[in-house]
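Everything on this sheet refers to the single structure shown next.
The values are calculated or read from the model by the stated rules, or taken from the named source; none is laboratory data. Only a predicted model underlies this, so the values are computations on that prediction, with no experimental measurement involved. Every residue, glycine among them, receives a Cβ derived from its backbone with ideal geometry; neighbour counts consider all protein chains shown. We work out accessible area using only protein heavy atoms, side chains counted, and drop any ligands, DNA or RNA first. Shrake-Rupley method; radii C 1.70, N 1.55, O 1.52, S 1.80 Å.
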Amino acid sequence: MERLQKVIASSGIASRRKAEELINKGKVKVNGNIVTELGTKVSGNDTIEVDGTILKRDSVKEYYLLNKPRGVISSVSDDLNRPTVVDYIDTDARIYPVGRLDYDTTGLIILTNDGELTNILAHPRNKIPKTYIAKIEGLLNKDDIDRLRNGILIEGRKVVVENFKIRDKDFEKKTSLIELTIFEGRNHIVKKLFESLHHPVIRLSRIKIAFLSSENLKSGQYRKLSIKEVKKLYSLK
């Protein structure tokens, strides 16, 4: 017997948090009966229906790493018919992105139908490192560097910068290329970090998620994660 929201999340149809929302809203049925109590336990023989869709309990888990191009939405679909990260993956599985990258941000994003792994990678307590390259306006001074190394308060919560280095400075154009590693997953967090220093981000790319890197993966290209890589991601819990 397993908790209903965990089973839904593991099926890939929704994250655990979203599954809990659906249960609370009465959008989940077990054996034809609406269930609204979180923590309800189900067996492998139970038929689960989520918002009109019957769960396939034996669905095969799939894992992909995509180097997202600029101008692509980190979503399953888009009301404006803009390209999404899912459009780039050749699969019939109902995969979805783990976290998100802004429309104009490039770089690595994981797509899967494994709700349990999604929860591991998305939960703040697991402190999954993400490394970015940011081209910013202006040249950082000593105070800027000290603030980055000591952590900066953004919207009431400190952003800890694990690693930080200046890759390049363009004195003529007055721009800098910065590499930094953070554990944050909040929306626009890297942009907000540099905006707080009065150095707006011109261009941003995520080059690493934990031990996964964008090396040998051109923009718009993707690859399947190996079983070894998936197990290593699970070990980050």
Q) Quick one: Karplus J couplings for the range 156-167, per residue in order, coefficients 6.51, -1.76, 1.60, θ = phi - 60°, nearest Hz, x for Gly and Pro? A) x, 9, 6, 9, 8, 9, 6, 9, 8, 7, 8, 7
**Q.** Spatial extent of the range 123-237: Rg and Dmax, with the Cα atoms as the point set, Å
**A.** 15.4, 48
Q) Tell me, what HN-Hα J-couplings in whole Hz come from the Karplus equation 6.51 cos²θ - 1.76 cosθ + 1.60 at θ = phi - 60° for each residue of the range 197-212, using x for Gly and Pro? A) 9, 6, 10, x, 7, 8, 8, 9, 9, 9, 9, 8, 10, 6, 8, 7
Q | Cα gyration tensor shape for the range 159-221, rounded if a/c is under 1.5, else prolate or oblate | A | oblate
**Q.** Listed residues Leu180, His199, Phe211: farthest to the positive end of the dipole of the range 136-237 (Cβ charges)
**A.** Phe211
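Could you state the per residue volume, in Å³, of the convex hull enclosing the Cα atoms of the range 1-96?
In the range 1-96, the Cα convex hull volume per residue is 111 Å³.
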(Q) Just to be sure I follow the rule: in the range 39-159, considering lysines 8 or more places apart or on different chains, how many pairs have Cα atoms under 27 Å apart? (A) 13
Q) Where the centroid of each part is defined by its Cα atoms, how far is the range 31-63 from the range 191-237 in Å? A) 32 Å
Q. To the nearest 500 deg cm²/dmol, what mean residue ellipticity at 222 nm is calculated for the chain from DSSP H runs of n ≥ 4 alone, each contributing -39,500 (n - 2.57), summed and divided by the residues?
A. -5500 deg cm²/dmol
Q | the range 127-165: GluC sites (Glu not before Pro) falling in loop per DSSP and having at most 11 other Cβ within 10 Å | A | Glu155
Q.
Tell me the net charge near Tyr222. Cut-off is 12 Å between Cβ atoms, Tyr222 excluded, with +1 for each Lys or Arg and -1 for each Asp or Glu.
A. +1
(Q) Which residues does the label zone of Lys165 cover in the range 188-210, counting backbone N under 19 Å from a point 7 Å along Cα→Cβ? (A) 205-210
Q.
How large a share of the accessible area of the range 129-221, in percent, is made up of carbon and sulfur atoms when the probe is 1.4 Å and the other protein chains stay in place?
A. 45 percent
Q. How many percent of DSSP beta bridges within the range 1-145 run antiparallel, rounded to 5?
A. 95 percent
Q: Would you mind classifying the range 85-186 by shape? Square roots of the alpha carbon gyration tensor eigenvalues, ordered a ≥ b ≥ c; an a/c under 1.5 is rounded, otherwise it is prolate if a/b is larger than b/c and oblate if not.
A: oblate
